[in-house]
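S.K.: Have a look at this one.
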Amino acid sequence: MIEIYSKADLELLRESVNLECKLAAGRDGHGAIPEDFWPTYSSFANTDGGIVLLGVREKQGQFSLTGIANIARVRKELFDGLNNRQKVSANLLTDSSVREVTLEGRTVLIIEIPRATRRQRPVFLTTNPLAGHTYRRLNDGDRPVPDDEVKRMLAEQVEDSRDDRVLRGYDVGDLDAGTFRDFRQVFANRDPNHPWNTTSDAEFLRQIGGWRKDRETGEGGITVAGLLMFGQMVSIQDEFPNYMLDYQERPDSKTELRWICSAFAIQDGCESRLT
């Protein structure tokens, strides 16, 4: 976050890897989102986030206050563009991300752009992430990302669907305490001297991957693996509606009778199914 209380504070700023200033005067001088805002938005989102000041002139490394006459129009144009998938692939901003500061009767718009999560990257312009439409921040400039790196970002999006994904809205109350307790006992029986045997239930769950903190968002919670391993059926089906346990019982490894009992058939008295 950046705080500007006076014109002197503004003049002390310098463009950097996470700070950009743009005039935003528009053709009529009353204010508009400049076209070069969008590459900066993409580059900050794909790098480490940053702040854009609209209504500020930058010349030879020096900032000077110009202000925006029609601040409401610029703000509306900003969010219209952010929510237009023909313009940009994702809106990362909320109302709290955009602040108005008035200095000497002139209003400046401060836009705080967060770093996009792995599932949101790449943030790109138009509807095509390739061909120079994806940017990243290097030093004080917005640079197009080579197509091979963009493809790597796209591939990494898929990795977020693995079983270490943190599930929002789930907690230990969604787990079956008996199943978890039995697993801990089996674990301890197999390796009585393992250091995890003396940890709390919460720490044990974290160590085996059933609970995780997302380093990008700061959110912590039950993972997909934790839910599938220890979750109550109703909780699992809230996240995976098509989930249904189906197991195979083999009283004799040589028997021709393959399916003895299935969860599908429990309610009907566990009828046998032949292959």
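Quick note: the coordinates plus some simple rules give every number you see, no bench work behind them. Quantities reported herein were computed from a predicted structural model and do not represent experimental measurements. Methodologically, a virtual Cβ is constructed for each residue, glycine included, from the backbone with ideal geometry; neighbour enumeration extends over all protein chains shown.
S.K.: Could you list, in sequence order, all residues of the range 84-121 that are hydroxyl-bearing (Ser, Thr, Tyr) and either outside any loop (DSSP other than H, G, I, E, B) or over 16 Å from the mean Cα position of the chain (by Cα) (or both)?
M.R.: Applying the first criterion (hydroxyl-bearing (Ser, Thr, Tyr)) to the range 84-121 yields 89, 94, 96-97, 102, 107, 117.
Once the filter is applied, which keeps residues that are hydroxyl-bearing (Ser, Thr, Tyr) and either outside any loop (DSSP other than H, G, I, E, B) or over 16 Å from the mean Cα position of the chain (by Cα) (or both), the range 84-121 yields Ser96, Ser97, Thr102, Thr107.
Matching residues to (1) farther than 17 Å from Asp174 by Cβ; (2) touching a Cys at 6+ places or on another chain (Cβ under 6 Å); (3) assigned to a helix (DSSP H, G or I); (4) of a type outside the set (Val, Ile, Thr):
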site: Arg215; (1), (2), (3), (4): yes, no, no, yes
site: Ala225; (1), (2), (3), (4): no, no, yes, yes
site: Val234; (1), (2), (3), (4): no, no, yes, no
site: Tyr243; (1), (2), (3), (4): no, no, no, yes
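S.K.: What is the residue count in the range 50-83 for residues that are closer than 19 Å to Val108 by Cβ and assigned to a loop (DSSP other than H, G, I, E, B)?
M.R.: 7
S.K.: Considering every residue within the range 146-160, establish whether at least one is part of a loop (DSSP other than H, G, I, E, B) and more than 20 Å from the chain's Cα centre (by Cα).
M.R.: Step one: of the range 146-160, the residues part of a loop (DSSP other than H, G, I, E, B) are 146, 160.
Next cut, more than 20 Å from the chain's Cα centre (by Cα) only: 146.
Yes, the range 146-160 contains a residue that is part of a loop (DSSP other than H, G, I, E, B) and more than 20 Å from the chain's Cα centre (by Cα).
S.K.: Just to be sure I understand, how many residues within the range 83-98 are touching a residue at least 12 places away in the same chain (Cβ under 8 Å) and out of contact with any Gly (no Cβ under 7 Å at 6 or more places or on another chain)?
M.R.: We begin by selecting, within the range 83-98, every residue touching a residue at least 12 places away in the same chain (Cβ under 8 Å); these are 85-93, 97-98.
Pick out the ones that are also out of contact with any Gly (no Cβ under 7 Å at 6 or more places or on another chain) and you get 85-86, 89-93, 97-98.
Number satisfying all stated conditions: 9.
S.K.: Also, I was wondering about something else. If you take the residues of the range 17-68 that are touching a Lys or Arg at 6+ places or on another chain (Cβ under 6 Å), of a type in the set (Ser, Thr, Tyr) and in contact (Cβ under 8 Å) with a residue 60 or more places away in the chain, which of them is surrounded by the fewest Cβ atoms within 10 Å (Cβ to Cβ)?
M.R.: Top of the filtered list is Thr47.
S.K.: Yes or no: Gln86 more than 29 Å from Thr217 (Cβ to Cβ) and surrounded by fewer than 18 Cβ atoms within 10 Å (Cβ to Cβ)? Please lay out each step first, then the result.
M.R.: On the way: more than 29 Å from Thr217 (Cβ to Cβ): no; surrounded by fewer than 18 Cβ atoms within 10 Å (Cβ to Cβ): yes.
It is false that Gln86 is more than 29 Å from Thr217 (Cβ to Cβ) and surrounded by fewer than 18 Cβ atoms within 10 Å (Cβ to Cβ).
S.K.: Mind checking whether some residue in the range 168-180 is free of Cβ contacts under 8 Å to residues at least 12 places away in the same chain and surrounded by 12 or more Cβ atoms within 10 Å (Cβ to Cβ)?
M.R.: yes
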